[in-house]
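Trainee: One structure is given below, represented as structure tokens, and several questions about it will come after.
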4 protein chains.
Amino acid sequence: MIKVGILGASGLTGKELIKILLKHSETKIVFATSRRFAGKSISYVFPEFKSLTDLKFISPSESYKFNDIDLIFLCLPHTESMDYVKKFVDKNIKVIDLSADFRIKNSALYKLWYNKIHKYKNLLKESVYGLPEIFKEEIKKAKIVANPGCYATSILLGIFPILNHGQVEDIIVDAKTGISGAGAIPTFENQYINVNENIIPYKIGRKHRHIGEIEDVIFNKYKKKINIIFTPQITSLDRGILSVIYIKLKKWIELEKLKKFYLDFYKNEPFVRIVDDVNLHQVQYTNFCDIAIDGVREKKIAIVMTAIDNLVKGASGQAIQNMNILSGLKETEGLI
Amino acid sequence: MIKVGILGASGLTGKELIKILLKHSETKIVFATSRRFAGKSISYVFPEFKSLTDLKFISPSESYKFNDIDLIFLCLPHTESMDYVKKFVDKNIKVIDLSADFRIKNSALYKLWYNKIHKYKNLLKESVYGLPEIFKEEIKKAKIVANPGCYATSILLGIFPILNHGQVEDIIVDAKTGISGAGAIPTFENQYINVNENIIPYKIGRKHRHIGEIEDVIFNKYKKKINIIFTPQITSLDRGILSVIYIKLKKWIELEKLKKFYLDFYKNEPFVRIVDDVNLHQVQYTNFCDIAIDGVREKKIAIVMTAIDNLVKGASGQAIQNMNILSGLKETEGLI
Amino acid sequence: MIKVGILGASGLTGKELIKILLKHSETKIVFATSRRFAGKSISYVFPEFKSLTDLKFISPSESYKFNDIDLIFLCLPHTESMDYVKKFVDKNIKVIDLSADFRIKNSALYKLWYNKIHKYKNLLKESVYGLPEIFKEEIKKAKIVANPGCYATSILLGIFPILNHGQVEDIIVDAKTGISGAGAIPTFENQYINVNENIIPYKIGRKHRHIGEIEDVIFNKYKKKINIIFTPQITSLDRGILSVIYIKLKKWIELEKLKKFYLDFYKNEPFVRIVDDVNLHQVQYTNFCDIAIDGVREKKIAIVMTAIDNLVKGASGQAIQNMNILSGLKETEGLI
Amino acid sequence: MIKVGILGASGLTGKELIKILLKHSETKIVFATSRRFAGKSISYVFPEFKSLTDLKFISPSESYKFNDIDLIFLCLPHTESMDYVKKFVDKNIKVIDLSADFRIKNSALYKLWYNKIHKYKNLLKESVYGLPEIFKEEIKKAKIVANPGCYATSILLGIFPILNHGQVEDIIVDAKTGISGAGAIPTFENQYINVNENIIPYKIGRKHRHIGEIEDVIFNKYKKKINIIFTPQITSLDRGILSVIYIKLKKWIELEKLKKFYLDFYKNEPFVRIVDDVNLHQVQYTNFCDIAIDGVREKKIAIVMTAIDNLVKGASGQAIQNMNILSGLKETEGLI
């Protein structure tokens, strides 16, 4: 039985982690923290968990007294998370960090996108980017897993197989997310009246932070500098990211061949499915990433479409997948 | 041309008022106030009005310098509105108050439901409850029109014709509202993630403030004390209130006869339609109240269903209807 | 390992059954039939099942060649299902029938509501109404379980504890359902454009078929004739039924006492939770029925609110619960 | 007073036409046809029109007896509409055809996309493509106006100003539509359960018919052959098209300059607004097309985003705009 703690468990990703862990046969939640709800039972705050757990939220500071845990999930704000990572690593506890703090290896780039100097450059070197389909071997031995961003997951899984074959000129990503991507704290941006029956593009072109993460991961893997164009859009639904990725190739690859690249690349991956068509219903509430491939020969433009659930494969499901790998459990445990 | 001002114009009812007034052929918006957005153009704050108006929001305090206006709409919070009413009445400007401050004539009852002592009991006597289908003659001569609450409108229009015939024992109202009823300021209650794909009953039984308003209006009209049961519910849609009203009768009235009561009662009313079936699509974005009548003879229970748009007939459309009546314009001007 | 078959597996309840059974650790789906999709793989028809099952749909007639199965789920249209029930019972295979054909013991009443003479009155006597919270002992030994209707489940669980204490005068149910209740075949009634952002009452008063089922079950249990009033309503969401039940009592029961009745009545039931507040998020995608209790003393009206997922506790989850009970498995297996 | 008829008035565009015409001060609907509902009153079929019109639907064949009308709107299926166009033109009645039959001047191209030989090539020459922002002068004198497709409107308005300046290499359109684009007849594709909380790409790359229309209009105007890439997507909302258009330029144009092109190009157009940000709320239920401009210099890719209401500017509103122009009325009459 793996003993886990969750810091920041009352946000959307924390809640999703609790939900998955309660069905996971090999883990025990030892504690879950919440600044807002410390002292209240989890099932009081989230009535859907009534009769499923008796645990109470504790305050983050209380978390330090638990020494006998195997692994900690950090669901804390970017730039705040790194101090907690340091503390738990020092206690020899494995960390899966759902914030962005250890996703970008290049600390100058981290500074650029998150406007904060990274305090733990040594730890940054040791951390592993937690996209299991690409870095599984490294994850097995990692002390710190930087769990990928939701958009980044949906985009990287869509472009890795083709990057592998070179010939890429431009990458344009038109991505649509559900509103759970906008977090649990009420804002004008995530208010029903503003987002229902709406589509809202934001941070057009090269403004969204996940660009830093995506390009750094590609650079570390392939030593290639890629400048992607990325238009995120809020759509009126709860969960899911559908990314349509337009890839201008220097040299055309026939679609059958291209599809085979993808099938081969992911042939041992339980959570990536190469499909004829994507839509969000196929992946909501699951840890799958579905990928469909199309394109226009006369324009040498491949069109790769990916679908994930932003809270599962895009966050907490992937964190559990990383935990399973890290802990020597079956990769799909608790997730299928 | 009627010159109007709007206080509190950046909330949902204020915005809806602007929208209707911009299409109204007999009015001119002289000013619109907003604490949050004073100095900004209306079309900057609400891009849907771009190219339709050049007006800028002013601060509430600036509103006093406009003396040459005919009528003011107050879209201010309950308990704050009454001071503004007083100031404009003193300047001999007609007031349509969309807050609850002048809806309840009985000041003890007002204190009970709004937890505030009413400061202007004399004005309370002069004010008229702005439900035109019942108080049209009084509205014509009013200085202050207390524009009804959204639920209250949907319920009172559904029960007046039957109250008129006596024989009512119990009234149970099961009402469902869209989320725009929860206002423009972000809260957990109006956040997409919490209300989408959900139905949320709240203030069950006799806890919602509109009960005070409904029962006071009925008492003033019929000298009857009625205790209604009322279960409001938030449903995952933008606009509309659908009330199903179960009326236990002392003596059964055949449905054909009952339907005729309703047809007769509203025969000269342009905005009430007696229909076979109600649903929200019939009334959204309109000032109509649709009413359908059914019942179960062996139980002596009549079932009256009403549908309105909470922001139009339940708020700003009704305010315009009141303005039209008050100003001697065609009642439907700007509304059909 | 329990070997099961599903007839009519390509509708919404069939699909939900497949989904739950694929996660159930003690069952194996031997076959699944579909008239429309016979010969096609389940994962082709429902891409969400890709990589989870290799099974193909077969035609209903092919189902007869499978003799070595333990239990069959019938997800067939009302009035068609009974012939299949007969055939499988004759083969000594346990049947869980999700149609209405064996829910009403009184065949005259069945004729009244379903406009068809029941052909198997002997089997009707042997069948058990599959509401485990009421009929668990009978279900354990049943050959045929008549899986309850979705509305009926949400209503019966809400009223049984109070009926148990007598004193009931009127029962008024105002129930709101998600659109999945309207089935998988496209109609004007389940088309997006007609139901999105809408609430649609239908079959007002005493017109919905589940009334027959509810009253027959109550009569069989308590020998009481009750005439409920029931207003079903379609609301713009996928899943869930929220029923607000207004119960006029002959003699008032204090709310604390009433709540205790409910807590006691369901104290050993893993899927009923007595809660402070209900909403659909608490129960969607689960087999729970959440119940909240309120009321208005001066009117002697108790207000019981229940929430279920219509496809899980209202259909396929309850069918699995019945299978678990019938097969001597843990009642919650595959469901929590 | 302009006397108009509508053929095919019970579909979504017909209904929207009726709605706008009932508020239009200079027109009278003389007849409206419907195969399905001939003989029934419009307000019976569409209860939202109750008390607004007493007209009954007639059958299409009855339409020929009305000779004293000025203009006819055809809301008929593609390939069926052309015969009706011919008949009304022969009677000297102006025609606004909302089908695709007269949108593509090149009859070979029409054959390619609609799989039917065009029977009236002479009429094709006389017809005018009804995008008023581009062809206003031609529309004024037209006998037949081919009202543009919804996607085509959203795309052409987004690319005309930049095409005007040449230098375009690739055009990639990622367009999201509401479900009303899928018509009034129930299908799996427009059923709530399949599209709610979903995003569904379809006809990826170069498969959607509007490509034919878009490229033909561009060719006729600029004598340029452009091959656009176009990925339409169904999203879970009623109304609106949001197109994000990625335009690879041979030579970069600074964004300020580019924005000025757009402002200049549309400076006299009442229904095109150049805005900072687009979203669907700004344009729903209006005839506006909002356009925002962005881009990435280092990639020489301009990003043009357009938003329209598919049933208004994308269909019936634009048809009224065309009628106004054709009839010498104020262009915005009935639309603002």
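The values are calculated or read from the model by the stated rules, or taken from the named source; none is laboratory data. All values reported here derive from a predicted model rather than from experimental measurement. All Cβ positions, glycine included, derive from the backbone under ideal geometry; neighbour counts span all protein chains shown. Heavy atoms of the whole protein, side chains included, go into the accessibility calculation; ligands, DNA and RNA do not. Shrake-Rupley method; radii C 1.70, N 1.55, O 1.52, S 1.80 Å.
Trainee: How many residues are within 13 Å of another protein chain (Cβ to nearest Cβ), touching a Pro at 6+ places or on another chain (Cβ under 9 Å) and not in a loop (DSSP other than H, G, I, E, B) if we restrict to the stretch A:264-286?
Mentor: Result for the stretch A:264-286: 3.
Trainee: Restricting to the stretch C:35-94, give me the number of residues that are touching a residue at least 12 places away in the same chain (Cβ under 8 Å), closer than 30 Å to A:ASN287 by Cβ and aromatic (Phe, Trp, Tyr).
Mentor: 5
Trainee: Anything in the stretch A:3-40 that is closer than 24 Å to B:ILE200 by Cβ, open to solvent by less than 30 Å² (accessible area, probe 1.4 Å) and among the polar types (S, T, N, Q)? List them, or say none.
Mentor: A:SER10, A:SER34
Trainee: Going through the stretch C:291-304 one residue at a time, which ones are within 22 Å of A:SER43 (Cα to Cα) and either open to solvent by 10 Å² or more (accessible area, probe 1.4 Å) or assigned to a loop (DSSP other than H, G, I, E, B) (or both)? Give the derivation first.
Mentor: Kept after step one, since they are within 22 Å of A:SER43 (Cα to Cα), are these residues of the stretch C:291-304: C:291-294, C:304.
Selection gives C:ILE293, C:ASP294.
Trainee: State all residues of the stretch D:150-177 that are under 21 Å from A:ASP174 (Cβ atoms) and outside any helix (DSSP H, G or I); if no residue qualifies, say none.
Mentor: D:VAL168, D:GLU169, D:ASP170, D:ILE171, D:ILE172, D:VAL173, D:ASP174, D:ALA175, D:LYS176, D:THR177
Trainee: I would also like to ask the following. Does B:ASN122 meet the test of being at positive phi and without any contact (Cβ under 8 Å) to a residue 12 or more places away in the chain? First the steps, then the outcome.
Mentor: Details: at positive phi: no; without any contact (Cβ under 8 Å) to a residue 12 or more places away in the chain: yes.
For B:ASN122, the condition - at positive phi and without any contact (Cβ under 8 Å) to a residue 12 or more places away in the chain - is not met.
Trainee: Still on this structure, I have one more. Restrict the check to the stretch B:119-141 and report whether at least one residue is outside any helix (DSSP H, G or I) and among the small types (Gly, Ala, Ser).
Mentor: The first filter runs over the stretch B:119-141 and keeps only residues outside any helix (DSSP H, G or I), leaving B:119-120, B:127-131, B:141.
Going one step further and asking which of them are among the small types (Gly, Ala, Ser), we end up with B:127, B:130.
Yes, there is a match, as at least one residue in the stretch B:119-141 is outside any helix (DSSP H, G or I) and among the small types (Gly, Ala, Ser).
Trainee: Given the condition under 26 Å from A:VAL275 (Cβ atoms) and within 21 Å of the chain's Cα centre (by Cα), answer yes or no: does some residue in the stretch D:244-255 qualify? If you could, list the steps in order and put the result at the bottom.
Mentor: Just the residues of the stretch D:244-255 that are under 26 Å from A:VAL275 (Cβ atoms), to begin with: D:244, D:246.
Then drop every residue that is not within 21 Å of the chain's Cα centre (by Cα), which leaves D:244.
Yes, there is a match, as at least one residue in the stretch D:244-255 is under 26 Å from A:VAL275 (Cβ atoms) and within 21 Å of the chain's Cα centre (by Cα).
Trainee: Then there's this: Quick check on my filter: what residues within the stretch C:54-79 are over 20 Å from C:ASP97 (Cβ atoms) and in contact with a Leu (Cβ under 6 Å, 6 or more places away or on another chain)?
Mentor: None - no residue of the stretch C:54-79 is over 20 Å from C:ASP97 (Cβ atoms) and in contact with a Leu (Cβ under 6 Å, 6 or more places away or on another chain), so the list stays empty.
Trainee: With the condition kept exactly as written, say whether any residue in the stretch D:78-87 is of a type in the set (Asp, Glu), more than 24 Å from D:LEU12 (Cβ to Cβ) and part of a loop (DSSP other than H, G, I, E, B).
Mentor: First, pick out the residues of the stretch D:78-87 that are of a type in the set (Asp, Glu): D:80, D:83.
Pick out the ones that are also more than 24 Å from D:LEU12 (Cβ to Cβ) and you get none.
No.
Trainee: Kindly indicate whether any position in the stretch B:52-63 is modelled with pLDDT under 95 and among the hydroxyl-bearing types (Ser, Thr, Tyr).
Mentor: Yes: one or more hits.
Trainee: Right, something else. Counting only residues that are touching a residue at least 24 places away in the same chain (Cβ under 8 Å) and either in the same structural domain as A:ARG273 (by TED's automatic domain parsing) or touching a helix residue (DSSP H, G or I) at 6+ places or on another chain (Cβ under 6 Å) (or both), how many does the stretch A:106-118 have?
Mentor: Looking only at that region, the number is 4.
Trainee: Could you run through the stretch D:16-48 and say how many residues are within 11 Å of chain B (Cβ to nearest Cβ) and under 27 Å from D:LEU326 (Cα atoms)? Explain how you work it out, then say what you get.
Mentor: First, pick out the residues of the stretch D:16-48 that are within 11 Å of chain B (Cβ to nearest Cβ): D:19, D:22-23, D:25, D:43-44, D:46-48.
Restricting the remaining residues to those that are under 27 Å from D:LEU326 (Cα atoms) gives D:19, D:22-23, D:25.
Residues flagged as within 11 Å of chain B (Cβ to nearest Cβ) and under 27 Å from D:LEU326 (Cα atoms) within the stretch D:16-48 amount to 4.
Trainee: A further question on this structure: Would you check if there is a residue in the stretch C:277-290 being over 21 Å from the mean Cα position of the chain (by Cα), open to solvent by 10 Å² or more (accessible area, probe 1.4 Å), modelled with pLDDT of 95 or more and under 26 Å from A:ASP238 (Cα atoms)? Walk me through how you get there before you give the answer.
Mentor: Residues of the stretch C:277-290 over 21 Å from the mean Cα position of the chain (by Cα): C:277.
Remaining after also requiring open to solvent by 10 Å² or more (accessible area, probe 1.4 Å): C:277.
Those still in the list that are modelled with pLDDT of 95 or more too: C:277.
Now drop any that are not under 26 Å from A:ASP238 (Cα atoms), which leaves C:277.
Looking through the stretch C:277-290, at least one residue is over 21 Å from the mean Cα position of the chain (by Cα), open to solvent by 10 Å² or more (accessible area, probe 1.4 Å), modelled with pLDDT of 95 or more and under 26 Å from A:ASP238 (Cα atoms).
Trainee: If C:LYS248 satisfies all but one of (1) modelled with pLDDT of 95 or more; (2) more than 11 Å from every other protein chain (Cβ to nearest Cβ), what's the number of the condition it fails?
Mentor: Of everything listed in (1) modelled with pLDDT of 95 or more; (2) more than 11 Å from every other protein chain (Cβ to nearest Cβ), C:LYS248 misses just condition (2).
Trainee: Taking the stretch B:1-24, which residues are at pLDDT 95 or above and farther than 18 Å from B:ASP309 by Cβ? Talk me through it step by step, then tell me what you get.
Mentor: First pass over the stretch B:1-24, keeping only residues at pLDDT 95 or above: B:2-24.
Hits for the stretch B:1-24 are B:ILE2, B:LYS3, B:VAL4, B:GLY5, B:ILE6, B:LEU7, B:GLY8, B:ALA9, B:SER10.
Trainee: What are the pairs with Cβ atoms under 6 angstrom where one residue, in the stretch C:218-236, is closer than 11 Å to C:ARG206 by Cβ and more than 7 Å from chain B (Cβ to nearest Cβ) and the other, located anywhere, is part of a loop (DSSP other than H, G, I, E, B) and at pLDDT below 95? Sequence gap at least six, or different chains.
Mentor: Every condition considered, no pair remains.
Trainee: Looking at the stretch B:89-99, is at least one residue in a helix (DSSP H, G or I) and open to solvent by less than 50 Å² (accessible area, probe 1.4 Å)? Working first, answer last.
Mentor: Going residue by residue through the stretch B:89-99, those that are in a helix (DSSP H, G or I) are B:89-90.
Filter once more, keeping what is open to solvent by less than 50 Å² (accessible area, probe 1.4 Å): B:89.
Scanning the stretch B:89-99, I find at least one residue that is in a helix (DSSP H, G or I) and open to solvent by less than 50 Å² (accessible area, probe 1.4 Å), so the answer is yes.
Trainee: Looking at (1) more than 30 Å from C:GLU256 (Cα to Cα); (2) in the same structural domain as C:ARG103 (by TED's automatic domain parsing), which is the only condition C:GLY205 fails?
Mentor: The single condition C:GLY205 does not satisfy is (2).
Trainee: Of all residues being free of Cβ contacts under 8 Å to residues at least 60 places away in the same chain and crowded, with 16+ Cβ neighbours inside 10 Å in the stretch A:237-254, which is nearest to A:ASP170 (Cα to Cα)? Just the residue, please.
Mentor: Here is the first cut: in the stretch A:237-254, the ones free of Cβ contacts under 8 Å to residues at least 60 places away in the same chain are A:237, A:252, A:254.
Filter once more, keeping what is crowded, with 16+ Cβ neighbours inside 10 Å: A:237, A:252.
Details: A:LEU237: 30, A:TRP252: 13 Å.
Ranking the candidates gives A:TRP252 first.
Trainee: Specify the residue that is most open to solvent (accessible area, probe 1.4 Å); the eligible residues are those in the stretch D:191-230 that are outside any helix (DSSP H, G or I) and of a type in the set (S, T, N, Q).
Mentor: If we filter the stretch D:191-230 for residues that are outside any helix (DSSP H, G or I), which is where we start, we get D:191, D:196-209, D:223-230.
Narrowing the set further to residues that are of a type in the set (S, T, N, Q) leaves D:191, D:196, D:198, D:227.
Numbers: D:GLN191: 2, D:ASN196: 8, D:ASN198: 3, D:ASN227: 64 Å².
This residue is D:ASN227.
Trainee: If you take the residues in the stretch D:146-190 that are within 14 Å of chain C (Cβ to nearest Cβ) and modelled with pLDDT of 95 or more, which one is surrounded by the most Cβ atoms within 10 Å (Cβ to Cβ)? Even if it seems obvious, please write down each step before you answer.
Mentor: We begin by selecting, within the stretch D:146-190, every residue within 14 Å of chain C (Cβ to nearest Cβ); these are D:177-190.
Filter once more, so that each one left must be modelled with pLDDT of 95 or more: D:177-180.
Values: D:THR177: 24, D:GLY178: 29, D:ILE179: 26, D:SER180: 24.
Only one residue tops the list, namely D:GLY178.
Trainee: State whether the residues of the stretch B:318-328 include one that is within 30 Å of C:ALA302 (Cβ to Cβ) and at pLDDT 95 or above.
Mentor: Within the stretch B:318-328, none of the residues are within 30 Å of C:ALA302 (Cβ to Cβ) and at pLDDT 95 or above.
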